[in-house]
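One structure is given below, encoded as structure tokens.
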């Protein structure tokens, strides 16, 4: 996915999860933050950030904060809408005969439902894929979540149920930074999420890691690897 009109700035502070103050060309602007997560380890005073200029000139905030440079690491895309967009692009290039975003299954909306026709006879194989973005890096390892997520636990439970009903159930993590190949459950922050991952794996859910190329104006999937453990 491509960002159309980007600028760089210097992060000042974040009054709430929706907005931040960023210095752009010597002037402090109120900008929209495209990630409602904590991101406390990323949005530190003085760090360089990347913003996209809004296409609507009448919007209250002129810019969206989409990425941040982490000291001694590099650029991290923190746009929470980006993972689903790049996965949709990736899925369109795979051999699925049908793809439906925002699919209702059980009591949840799962990010993608897909079908793959094997041969000319019989019913197609059914797939369900939930997508999460990973922006948390600690000592060269990716972790999810960066804050407790009951919704994430619920999605894993639905995927586990789907796997037992014959779906190919996939929990996918889009790693929104370079140099990280895997994502581990952040049990220090949310132990229940780690338990839900283990239960999902035992039920037959597959874990898929999307590695990306991260540039100020672009996020692109460069590889997709299933967890071996």
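Here region 73-110 is the region considered, the condition is being in a loop (DSSP other than H, G, I, E, B) and touching a residue at least 60 places away in the same chain (Cβ under 8 Å), and the residue that is surrounded by the most Cβ atoms within 10 Å (Cβ to Cβ) is 78.
Can you spot a residue in region 55-70 that is part of a loop (DSSP other than H, G, I, E, B), without any contact (Cβ under 8 Å) to a residue 24 or more places away in the chain, within 19 Å of the chain's Cα centre (by Cα) and not assigned by TED's automatic domain parsing to the domain that holds residue 216? No - not one qualifying residue is present in region 55-70.
The values are calculated or read from the model by the stated rules, or taken from the named source; none is laboratory data. Small disclaimer: the values here were computed from a predicted structure and weren't measured. Positions of Cβ are generated from backbone atoms using ideal geometry, with glycine treated the same way; all protein chains shown enter the neighbour counts.
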